[in-house]
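The values are calculated or read from the model by the stated rules, or taken from the named source; none is laboratory data. Just so we're clear, the structure is a prediction, and the values are computed from it rather than from any experiment. Don't worry about glycine lacking a Cβ; one is built from the backbone with ideal geometry, like all the others, and counts go over all protein chains shown.
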Amino acid sequence: MRGAADPAALATRVGGLSLRSAVMTASGTSGHGAELAAYGALGDLGAVVVKSLAPYPWPGNSGVRVQGVPGGSMLNRVGLQGPGAKAWCERDLPRLVACGARVVASVWGRTPEEFAAAAGEVAGRPGVVAVEVNMSCPNLSGHMFAQSPEGTAEVVGAVAARLAGAGVPLWAKLSPAAADVREAAGAALGAGAAALTLVNTMPGMWVDPAGRRPALCGGLSGPALHAVAVRAVYECRRAFPDAPIVGVGGVCTGTDAAELIAAGANAVQVGTATFSDPRAPWRVQAELARWCARRRTTVEELSGAAAR
């Protein structure tokens, strides 16, 4: 137990991966490379989770792609724009490594084989400590594999087979839109996932009343998603007591992070808050350290306390 704000109080493990801090960035919110290095030391964070990568370049969606939602939340339909896994490894990854970042490479595809191809490209690269499989983006119609246990198992199984022997853990990022996230989580763990990332954005819509038409259909993130993420983490911790879990959704303060950790997360990711405050991951990290110090606890002691 620690009575002073001690950075070591934030140390955690996500399965076999040791992290100096339980606070990471979230995929899709901090770019593909070292964009946030101007605002803080990337090496001080647990990890930098990069924007999802396909095995090929992808332009994303056209038209309006982002819309603010009252209360600091956001709708987006960016559509997984990216340079492709190979180009990212050549151009962006070296900059992240040079900044001292531990990197979690998020990958996506339209088929299980494409997921596996992207994962195979990034696995084993210097600085990549985990591969997060994004099966749950609501911006690709018909491709939310994580909405069903069968689709989840198919994708995770293909990626796990490709990563066999690579020594890089596979994290499965799941959707809060699944009929029962516990079923998807069980399928992911059974197919070879080393950890669960809970949760991705929730499908939402912005209607332009003056134009009398839908203006943007996409994924809802930010504070409006936080309670959904807390429940998903809690339910999966109860269902799978030993599963490593990364909590994500509406983490804007150290207290938000502590809530997800108490619900069952081993670590958290900061996403939408970064758009209004690029220093948000470091601020949340400092606030969480002070929160733990005031209560003479650590992340590892707090993790899952509410679910026990």
message = Condition check: surrounded by fewer than 24 Cβ atoms within 10 Å (Cβ to Cβ) and without any contact (Cβ under 8 Å) to a residue 12 or more places away in the chain. Does PRO126 satisfy that?
response = no
ask   = Which of the residues that make up region 130-155 are modelled with pLDDT of 95 or more and within 14 Å of the chain's Cα centre (by Cα)?
value = ALA130, VAL131, GLU132, VAL133, ASN134
ask   = Would you pick out the residues in region 284-308 that are in contact (Cβ under 8 Å) with a residue 60 or more places away in the chain, among the charged types (D, E, K, R) and part of a helix (DSSP H, G or I)?
value = ARG290, GLU300, GLU301
Where a residue in region 65-89 is within 10 Å of LEU220 (Cα to Cα) and its partner, wherever it lies, is among the aromatic types (Phe, Trp, Tyr), with Cβ under 8 Å and at least six apart = GLN67/TRP206; VAL69/TRP206; MET74/PHE275; LEU75/TRP206
task = Those residues that are modelled with pLDDT of 95 or more, over 15 Å from CYS137 (Cβ atoms) and outside any loop (DSSP other than H, G, I, E, B), I need them from region 208-224; list them, please.
result = PRO223, ALA224
query = If only one of VAL230, VAL131 is aliphatic (A, V, I, L, M) and surrounded by 24 or more Cβ atoms within 10 Å (Cβ to Cβ), which one is it?
reply = VAL131
inquiry  = When you scan region 157-170, do you find a residue that is surrounded by fewer than 24 Cβ atoms within 10 Å (Cβ to Cβ), among the β-branched types (Val, Ile, Thr) and modelled with pLDDT of 95 or more, even just one?
reply    = yes
query = Out of (1) in a helix (DSSP H, G or I); (2) surrounded by 24 or more Cβ atoms within 10 Å (Cβ to Cβ), the odd one out for PHE275 is which?
reply = (2)
request  = Output the number of residues of region 177-199 satisfying the condition of being in contact with a strand residue (DSSP E or B) (Cβ under 9 Å, 6 or more places away or on another chain) and at pLDDT below 95.
outcome  = 1
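Yes/no per residue for (1) farther than 17 Å from GLY46 by Cα; (2) within 17 Å of the chain's Cα centre (by Cα); (3) part of a helix (DSSP H, G or I); (4) modelled with pLDDT of 95 or more:
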site	(1), (2), (3), (4)
ALA229	yes, yes, yes, yes
ALA243	yes, yes, no, yes
VAL246	no, yes, no, yes
CYS252	no, yes, no, yes
ALA258	no, yes, yes, yes
ALA262	yes, no, yes, yes
ALA265	no, yes, no, yes
VAL268	no, yes, no, yes
TRP282	no, yes, yes, yes
inquiry  = If ALA195 satisfies all but one of (1) hydrophobic (A, V, I, L, M, F, W, C); (2) in contact (Cβ under 8 Å) with a residue 60 or more places away in the chain; (3) surrounded by fewer than 21 Cβ atoms within 10 Å (Cβ to Cβ); (4) within 21 Å of ILE245 (Cα to Cα), what's the number of the condition it fails?
reply    = (3)
inquiry  = Going through ARG102, ARG91, ARG125, ARG95 one at a time, which residue ends up being within 21 Å of THR197 (Cα to Cα), at pLDDT 95 or above and of a type in the set (D, E, K, R)?
reply    = ARG102
ask   = Considering only region 29-71, how many residues are more than 19 Å from the chain's Cα centre (by Cα), within 22 Å of ALA267 (Cβ to Cβ) and either of a type in the set (Ser, Thr, Tyr) or at pLDDT below 95 (or both)?
value = 1
query = Does PRO112 satisfy the condition of being buried (at least 20 other Cβ atoms within 10 Å of the Cβ), more than 19 Å from the chain's Cα centre (by Cα), more than 23 Å from LEU45 (Cβ to Cβ) and free of Cβ contacts under 8 Å to residues at least 40 places away in the same chain?
reply = no
task = For region 28-64, enumerate the residues that are surrounded by fewer than 20 Cβ atoms within 10 Å (Cβ to Cβ), assigned to a loop (DSSP other than H, G, I, E, B) and in contact with a strand residue (DSSP E or B) (Cβ under 6 Å, 6 or more places away or on another chain).
result = VAL64
